[in-house]
Amino acid sequence: MIEIAIQRTSAGIGAVAITGHAGYAESGRDIVCAAVSGITLTAALGIMAYGAGCWRVEQEEGWLRMTATAPPAYQDPAQIILNTMVLGLREVCRLYPRRVIICEHQPQTASED
């Protein structure tokens, strides 16, 4: 299963981590892994190009992590890229719920104590 963890702050997405394999088909023929990889790698390229040096992108076989190195700003191009990425990943999760899981962590407010 592919696990996607999205950490949100009050200003937007602060970190994204993607780990695992879908196991939908053999390596090289897995359309679920290909979809998630295509969406996330394109977002990572966009962040590296338009994120104003405020993001760290790390990737190895089976995982990818994008982390803000400065507080995210709501209208930052990286936030637009990341939120668009999340839309695509939610659709893959909707189509293949046994292969992809998304966990979104929201910041707690004082009233939630």
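Any read-out appearing in this document is the output of simple, stated calculations on the displayed coordinates, not a laboratory observation. No experiment lies behind these values; they were computed from the predicted model shown. All Cβ positions, even for glycine, are placed from backbone atoms using ideal geometry, and neighbour counts span all protein chains on display.
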Completion exercise
Only unsatisfied item for Thr67, checking (1) touching a residue at least 40 places away in the same chain (Cβ under 8 Å); (2) polar (S, T, N, Q); (3) more than 14 Å from Ile18 (Cα to Cα), is (3)
Completion exercise
Within segment 45-101, residues being hydroxyl-bearing (Ser, Thr, Tyr), outside any helix (DSSP H, G or I) and more than 11 Å from the chain's Cα centre (by Cα) number 3
Completion exercise
Per the list (1) of a type outside the set (Ser, Thr, Tyr); (2) over 15 Å from Ile4 (Cβ atoms); (3) buried (at least 17 other Cβ atoms within 10 Å of the Cβ), residue check on Glu60 breaks on (3)
Exercise for the section: Could you tell me whether any residue of segment 29-39 is buried (at least 18 other Cβ atoms within 10 Å of the Cβ) and in contact with a Cys (Cβ under 7 Å, 6 or more places away or on another chain)? Expected result: no
Problem - Ala52 being free of Cβ contacts under 8 Å to residues at least 60 places away in the same chain, farther than 25 Å from Gly23 by Cα and in contact with a Pro (Cβ under 9 Å, 6 or more places away or on another chain) - result: yes
Fill in the blank from the handout: Ala49 meets each of (1) loosely packed, with under 15 Cβ neighbours inside 10 Å; (2) over 17 Å from Thr84 (Cα atoms); (3) aliphatic (A, V, I, L, M) with one exception, condition (2)
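Looking only at segment 1-44, which residues are polar (S, T, N, Q) and in a strand (DSSP E or B)?
If we filter segment 1-44 for residues that are polar (S, T, N, Q), which is where we start, we get 7, 9-10, 19, 27, 37, 40, 42.
Answer for segment 1-44, where residues must be polar (S, T, N, Q) and in a strand (DSSP E or B): Gln7, Thr9, Thr19.
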Exercise for the section: Evaluate the following for Arg65: is it among the charged types (D, E, K, R) and in contact with an Asp or Glu (Cβ under 6 Å, 6 or more places away or on another chain)? Expected result: yes
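So for segment 23-34 (the condition being touching a Phe, Trp or Tyr at 6+ places or on another chain (Cβ under 9 Å), more than 21 Å from Ala11 (Cα to Cα) and of a type in the set (Val, Ile, Thr)), does at least one residue qualify?
Initially, segment 23-34 is screened for residues touching a Phe, Trp or Tyr at 6+ places or on another chain (Cβ under 9 Å), giving 24, 30-33.
Narrowing further to those that are more than 21 Å from Ala11 (Cα to Cα): 24, 30-33.
Okay, now just the ones that are also of a type in the set (Val, Ile, Thr), so 31-32.
Within segment 23-34, one or more residues are touching a Phe, Trp or Tyr at 6+ places or on another chain (Cβ under 9 Å), more than 21 Å from Ala11 (Cα to Cα) and of a type in the set (Val, Ile, Thr).
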Problem - Residue that is farthest from Arg99 (Cα to Cα) [pool: residues in segment 14-38 that are touching a residue at least 60 places away in the same chain (Cβ under 8 Å) and touching a strand residue (DSSP E or B) at 6+ places or on another chain (Cβ under 6 Å)] - result: Val16
